[in-house]
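Below: the structure, in structure tokens.
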Amino acid sequence: MQAPSERAGLEKLVRHELARHASHDWAEQGCEARLRVELISVGSERHLTGWLDGEVPHRVTVGGDGLAPALEELLSVILHNDPRRLRGPQAEQDLFATGVRALRLNGQTYVGVEAYALGAWVGDRAQSLSGLGAFVRREVGSVHVAVRFAGAHDFSERSELRLSTDVVAEVEAALWSSSTADTAAFAALSLGYEYQRFAGPAPLAGPDAHASASASGFSPSLRVGVELFRVTRTRALFFLAARAPVFVSSDSDGGVVDQWTPTLALGGAVAF
């Protein structure tokens, strides 16, 4: 590594960036390959040059946003074109196993809470519920996996048909627009189990009867949003999530409900 005046800082950046790549590990001894990174200053411009074991070097210009983005680009190109990775056993390794290894060894764990408003079309009108949730996620690079439990409830006492309770437990996989930016957007796919409970008139039980009915089943969702303060340990995010259950809520006893009920959630969260 060549950059005498900035060696310590550059080496730390290289170590951190290398940790994002599951295909390579930092080693002081017994190395399979030697990575060389040079920081070159020419007038007011700075450039990063890097190569593995004398392969053709790659060079990027350091822009106004600093060394980190330039180093991310440099190592992505160099490591992804490592001949050992392209021709050796690493090329034949299962991608899922590689991802799991990266999450286990290099990932960061975050715990968070969220608050949201849940909207649904119930009967002949739109309805909203208030919800709270908690999640644990493991993040590495520009991806994360998470487990979430959330529930929403309608605290009104309206007599017409309404979705009174909605509870979901799910696992999520997400892709971020950047792994290094302070603010980044994300898109996530979730697979979960949802419980819906309805309350309202029960015409099959009598002219003035009221009852409740519930249904549950598999329920995938798509979530998009933006997260702030990603360079700190405490982060804030805002999200929009659309859920489409694969089941129909139907009550054959009282006739309370007979409909498919997708939902839309808008909320915010804090992760630590």
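The values are calculated or read from the model by the stated rules, or taken from the named source; none is laboratory data. Computed from a predicted structure; not experimentally measured. A quick note on method: Cβ atoms are made from the backbone with ideal geometry, for glycine too, and the neighbour counts reach across all protein chains shown.
Considering each residue of segment 180-202 in turn, at least one proves to be more than 28 Å from the chain's Cα centre (by Cα), over 18 Å from V147 (Cα atoms) and in a loop (DSSP other than H, G, I, E, B). In this entry, A242 is excluded by the filter for residues that are of a type in the set (A, V, I, L, M), at pLDDT 95 or above, more than 19 Å from L132 (Cα to Cα) and in contact with a strand residue (DSSP E or B) (Cβ under 7 Å, 6 or more places away or on another chain). I need the full set of residues from segment 209-260 which are assigned to a loop (DSSP other than H, G, I, E, B) and surrounded by 15 or more Cβ atoms within 10 Å (Cβ to Cβ), in order please. Across segment 209-260, the qualifying residues are R230, P245, D251, G254, G255, V256, V257. One residue alone among A173, A181, A205 is free of Cβ contacts under 8 Å to residues at least 40 places away in the same chain, surrounded by fewer than 19 Cβ atoms within 10 Å (Cβ to Cβ) and in the same structural domain as A241 (by TED's automatic domain parsing), and that residue is A173.
Selection of segment 147-164 for residues being in contact (Cβ under 8 Å) with a residue 40 or more places away in the chain and touching a Lys or Arg at 6+ places or on another chain (Cβ under 6 Å) yields only S164.
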